[in-house]
Structures are given as C-alpha cells and as structure tokens.
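Down below is the structure, laid out as structure tokens.
The values are calculated or read from the model by the stated rules, or taken from the named source; none is laboratory data. Predicted, not measured: the structure shown is a model, and the values here were computed from it. Counting neighbours? That spans all protein chains shown, and the Cβs are built from the backbone with ideal geometry, glycine included. To get the accessible areas, we keep the full protein, side chains included, count just its heavy atoms, and leave off ligands, DNA and RNA. Shrake-Rupley method; radii C 1.70, N 1.55, O 1.52, S 1.80 Å.
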Amino acid sequence: MNLTTFDTASSSVSRMEAIISRCNAVEPKIGAFLARDEKDALSQAKASDERRAAGRALGPLDGVILGVKDVIAVKGQRLSCASKILENYVSPYDAHVVEKLKAAGAILWGRLNMDEFAMGSSCENSAFQKTHNPWALDRIPGGSSGGSAAAVASGECDAALGSDTGGSIRQPAACCGIVGLKPTYGLVSRYGLAAFASSLDQIGPMGRSVADCAAILQTIAGHDERDSTSLKVDVPDYMAALAEPEKPVTIGLPKEYFGEGIDPEIRAKVEAAAKFYEGRGCKLKEVSLPHSSCAIPVYYIIAPAEASSNLARYDGVRYTRRSAAATNTDEVFSLSRGEGFGAEVKRRILLGSYALSSGYYDAYYVRAQKVRSLIRSDFMKAFEEVDVLLTPTTPQPPFRFGEKTDDPLAMYLEDIFTISVNLAGLPGMSLPCGFTAAGLPVGMQLIGKPLGEAQMLQTAQVFEKAHEYASMRPAL
Ligand code: GLN
C-alpha cells in the first residue's frame, strides 16, 4: 500500500521535467530557490529510471524529488546558509542525511532559501532574496526554512529538507499549509548541517502529507558516529505504524499555550481539532507546562551563545569570503566578518558573546541551562498522563513583509509555541488544520514523547485523513 503522495509510477525524468517547468512558471512569484541545477537533476532522474527499468529500484524514495535547505551539505553544490560570508563556498562532502537519501534513490533538487544561518522566522534575513508565501504573495512564508515550505506548497518539489533549532521547520510549515516534522534531538545526524546552536539543531522533513514526512524520516534517521550526539537507537518502522488501525490516545492541551496573545481564529481551529479527536475516542486532558514563559528568554541565551561559538569559524582565513580591504590579520577577521554577516547574525553573535563572557557566564548561560532542565521536566511530567500534546504552531497567521523587521522581540515571539520543544529535545510536528477567514493557512502542533515519532505521526494522520487541508493547493 502506498500511503505517500509520491508518484512513483511515472518516469522520474518526465516528473523532473514537469517540476522544472513548474519552477520556471512560478519561481518569479515565489523565490524559494537560491540555486537549481537542471542538468544535474535530470541526470539523477535518468539514473532512477534506469534502475527501475532494470528492476533495481532502491525503495519508496527512488525518483522522489527533494529540495534541500541551503544549510545542508550536498557535495559539489554551493552551501551559502543564505549568507554573503559563504556566498562562494562549495561543499566538498555530503551531509549524513544526503548520503542516506542518495542511497535511497531520491533526486536532490536545488538549494532552498532561508534566513541567514537559520536565524529568523520569516526568511527576510536571507542575504539574497525574499521568498513569498504561495497562499498570499504579500506575506512571509515563515522561517527559517521558508524556502523549503514555499517550494513544497507551490509544487516545485515533492518534499524538502529543513532544519529546526527553535521552530524553523514547524513554523514555516504552518505558514505555508504543509506538514513539517522536527525529530527527537539525536535521532537524525547533524553531520553536514552547518551548525547554528548545536544542542538544539535537528534536520527534518517537510512535505505535503504526514506519510511523506514519515517516509523521509525513515530514511534519514539512525545512528551516525560522526555526530557525537547521535542516538544509538533502532529506528522504528514509521510506515508500518501509519498502516496500523487507528487507536485512540490521550491528548494533552497545555493551558499556557491557549492563553493571551494567540490569534482567536488560530485558537478556534486548534480547539476544533481537539474536539475532532474527542469524537474519535481520544481523551482530552488539560495539562500545565509552568515554565513555558521562560522558553523565549532561555532560548535567546543558549542559542546565541552556541551560535557565537559555532560562527567563530567564519573568519575570512579558511573557506569564507575574505574582505578585499583587509591589510593585516586583524582586519582579515574583522572586515570579513563585518562585511559578510547580516544584522541579525551580528546581533546573535553579540548577545551570545556577552552571555558567555567572564563574570556573566554563571548569571546567564549556567542559569539558562538550569531553567532548560525545568522546561524539560514540565514536559516529562505531562507525559506521565498523556501520550501526545496538541498546541497551535504559531501565535498568528503569516504576516506581511516588513511587519516585524524593525522589532526583533516581536519576531522572536513568533516561536513561542515551538521553542520549548527544542529546549526539551522532543519530537514535534506541524500539520494543516484549516484556513483563516482571509484564506491564510493555520497549523497545529503535535508534540511527542522522546522518540515518540511513530505515535505522533499516527495521531497526525488520523486528523489528516478526515480533512481535506493537506490536499489543498494555492492558486498561483
Ligand atoms: N526563529 C528562531 C530563531 O531565529 C528559530 C530558528 C530556527 O529554528 N532555526 O532563532
């Protein structure tokens, strides 16, 4: 039984050609891709057709066309992280997930736009271009994996890879009406993912259905010794889990996620989804995550602190662009970084260096780590009583360009419902749960127990199957 929306019956070359002409038609309006190599994609498609004709298909992803966020390394392709500082950097190796996907026969298609170094919630921090929301072209697609979300929603690829440090897969998925999944920390190797905040970053799938994401997760999950935080676990059979008969679960509704600041239409949609589950025999239970209000402040200590250290490698000496104006070593560092990084990245480096500086380290970084464990224990306590949690993904529908660019705090609040999940290392996903009266997509978030992806996916699929949202497409 094929649960995914992937069309593996048609020839890969004809599907790749169709996607190329789709991109040529809609990219001028969307702007999801930073780069596309048609020749390379067609030769991958040709190889897929040859394998299949010889009866040597590599599995369910053979010939599936996947876009890649520009933060994940593909050998021989540019890896810019949407930053000027890496503008001309070509990756000499494949990320672990890319090795796995190539071995599964997937066609890797293009480099997708993002906020610079994955810092942002709107794609407006890309050094190169704007990406438009396919449902409303004057609005943001979300971020940082906004190019991935927009490309999937507008049919420019079958699915895509994103990365999520504080919400960057789930928030754009919600904004663009698609499904996006952030795995349990450590389930997917970070080898070949340009590091933002190493204790939070995870790569994950973004697709048009729950099963599409499950099929990709199945392929990319699993131990990799090149990532010291990679978990040594057996990867469950997610596709088999999705084929099992529906079984009612206990769903927790964290009361802190339905309070002030949430758009009334979004709240109504997520509450309607809870009612839907109740009608399917699930038990609903209000739970409390009392440290939720600390999530944003804790994240904006830990993530910038780790970023300031990770981004120290972009120094103009090795693989980054070197300032032409530099006349001595100090200037190579300062001018290259000054010219190469955008404003938000600089802000994070300053915040992070401050939090880590001597005299402040205990007051900020160490204390933030302590509160981080309280946030995780809140979740673990809730999971003693419930199987999954249901929350909104974003506090608001996708906003207009420029609406939050002058107010970093307003932008940071965009991730208020997603950030805790990274701090706690849990799996979380967003799936479409309706549209606002103005026609903007609304996403709901399911949060699973550690390594509870299978149950989270099953729960998501029950909702998806009973609603038409996942099959709706923007009119472009
Ligand atoms: N918007 C958040 C930030 O700017 C999260 C980004 C992410 O998940 N990569 O840090």
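Results, tabulated for the structure shown:
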{"read-out": "Cβ charges +1 (Lys, Arg) and -1 (Asp, Glu), total dipole of segment 6-163, debye", "value": "180 debye"}
{"read-out": "Dipole of the chain, positive end: most advanced residue of Val421, Ala312, Ile19 [Cβ charges, Cα centre]", "value": "Ala312"}
{"read-out": "Net charge of neighbours whose Cβ lies under 13 Å from the Cβ of Leu42, counting Lys and Arg as +1 and Asp and Glu as -1", "value": "-2"}
{"read-out": "Taking only Cα atoms of segment 307-397, radius of gyration then Dmax in Å", "value": "19.9, 63"}
{"read-out": "Long-range amide H partners of Gln77 with built H, under 5 Å", "value": "Ser91"}
{"read-out": "Gain on full stretching of the segment that runs from Ala57 to Leu409 - 0.36 nm per residue minus C-alpha separation", "value": "121.8 nm"}
{"read-out": "For peptides 268-279, 454-465, 306-317, sequence by mean Cβ density within 10 Å, most packed first", "value": "454-465, 306-317, 268-279"}
{"read-out": "For the chain: accessible area per residue (Å², 1.4 Å)", "value": "37 Å²"}
{"read-out": "Unit charges at the beta carbon, dipole of segment 250-298: most positive-side option, Cys282, Ile266, Ile251", "value": "Cys282"}
{"read-out": "Positive-end extreme of charge dipole, the chain - chosen from Ala53, Ile447, Pro172 (charges on Cβ)", "value": "Ala53"}
{"read-out": "Whether segment 408-457 is rounded, prolate or oblate, judged on the alpha carbon gyration tensor where a/c under 1.5 counts as rounded", "value": "oblate"}
{"read-out": "Distance histogram for the chain (every C-alpha pair counted, 20 angstrom bins, percent rounded to whole numbers)", "value": "26, 60, 14, 0"}
{"read-out": "For segment 420-432, Karplus couplings with θ = phi - 60° (6.51, -1.76, 1.60), whole Hz, Gly/Pro x", "value": "4, 5, 5, 4, 8, x, 8, x, x, 9, 10, 9, x"}
{"read-out": "Largest-first principal axis extents of the Cα set of segment 160-279 (Å)", "value": "44, 36, 24"}
{"read-out": "Debye, to nearest 20: dipole size of segment 278-327, +1 on Lys, Arg Cβ, -1 on Asp, Glu Cβ", "value": "260 debye"}
{"read-out": "In order through segment 285-302: 3J(HN,Hα) via Karplus (6.51 cos²θ - 1.76 cosθ + 1.60), integer Hz, x for Gly, Pro", "value": "9, 6, 10, 10, 10, x, 8, 3, 5, 8, 4, 5, x, 5, 4, 7, 9, 5"}
{"read-out": "Dipole magnitude of the chain, debye to nearest 20 (Cβ charges: Lys/Arg +1, Asp/Glu -1, about Cα centre)", "value": "340 debye"}
{"read-out": "Nonlocal amide H pairs with Leu112, under 5 Å, H built at 1.01 Å", "value": "Leu34, Val68, Lys69, Asp70"}
{"read-out": "Expected 222 nm ellipticity per residue - DSSP helices of 4 or more, -39500 (n - 2.57), all of the chain, to 500", "value": "-11000 deg cm²/dmol"}
{"read-out": "Size descriptor, Kirkwood hydrodynamic radius, that averages inverse alpha-carbon separations across segment 231-294, Å", "value": "14.4 Å"}
{"read-out": "Computed over the chain: relative contact order in percent, which uses C-alpha pairs under 8 Å that are six or more apart", "value": "18 percent"}
{"read-out": "Length-normalised contact order of segment 67-134 in % [C-alpha pairs under 8 Å, at least 6 apart]", "value": "33 percent"}
{"read-out": "Accessible surface of segment 97-195 [probe 1.4 Å, protein heavy atoms]: carbon and sulfur percent", "value": "49 percent"}
{"read-out": "Relative contact order for segment 206-271, counting Cα pairs under 8 Å that sit 6 or more residues apart, in percent", "value": "23 percent"}
